[in-house]
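Visitor: There's a structure below that I have some questions on.
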Amino acid sequence: MKYIKKVLLLIPELTCLDRKGESVLKKTINIETKKIDTLIGKETSMKGTLEAKGIIRIEGNYEGEIITQSDIIVGESAVIKANVKCSNITLAGRLEGKITAGNKFDIRSSGVMLGDVSAAVLSVEEGAFFRGNCQMEKKEERTKAETNSVRLLEGKGSKKAEGFQGNKKSSR
């Protein structure tokens with residue numbers, strides 16, 4: 001069985017047949033055709049900061065921070081306590097922390113999310129559990145809001161900004 005698991009990651013659609021031509025598996029297994037660059041297996045526990053450019057799939061335990069420019073796939077057996085920054089994330093396991101997804105956050109029916117989420121698109125299947133806050137905004141809107149926040153902070157020392165905040169009277 002160990003070898004079959006490895007093959008499942010390489011073949012997008014797989015049906016195992018016995019000698020009579022009958023399916024050994026209950027159903028056909030569909031796996032995304034995208035290449036997975038980093039895999040944390042079921043029997044693996046990790047702590048720390050994980051930074052990657054490619055797709056990350058987690059089936060085991062992880063604690064810390066995860067940052068990738070690509071996608072994250074969290075399997076049903078995964079338990080994660082981390083802050084996550086990625087493009088897209090699919091959650092079928094358990095995740096506690098803060099998620100910032102540039103595009104889509106998808107919680108499958110077996111998924112449990114405890115924490116705050118910021119994503120352009122949120123998809124929650126029936127049966128999934130989500131406790132936290134969700135802020136949905138497109139990447140352009142988030143960048144604009146962050147730029148405006150920086151401008152307000154930069155202008156904090158000016159007389160005009162101080163007068164606005166009520167700390168000191170303006171010198172008009």
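Just so you know, all these numbers are worked out from the coordinates, no wet-lab data involved. Note that the coordinates shown come from a computational prediction; the quantities given were computed from them, not determined experimentally. Heads up, the Cβs are rebuilt from the backbone with ideal geometry, glycines too, and the neighbour counts pull from every protein chain shown.
Visitor: What does the highest-first list of 89-98, 128-137 look like by mean Cβ count within 10 Å?
Guide: On the way: 89-98: 21.2, 128-137: 13.0.
Ranking, from highest mean packing down: 89-98, 128-137.
Visitor: Within a Cβ distance under 12 Å of THR68, other residues only, what is the Lys/Arg minus Asp/Glu net charge?
Guide: Around THR68, the surrounding residues sum to -1.
Visitor: Per-residue counts of other Cβ atoms within 10 Å, averaged by peptide: what ranking do you get for 67-74, 118-125, highest first?
Guide: Sorting 67-74, 118-125 by mean packing, highest first, produces 67-74, 118-125.
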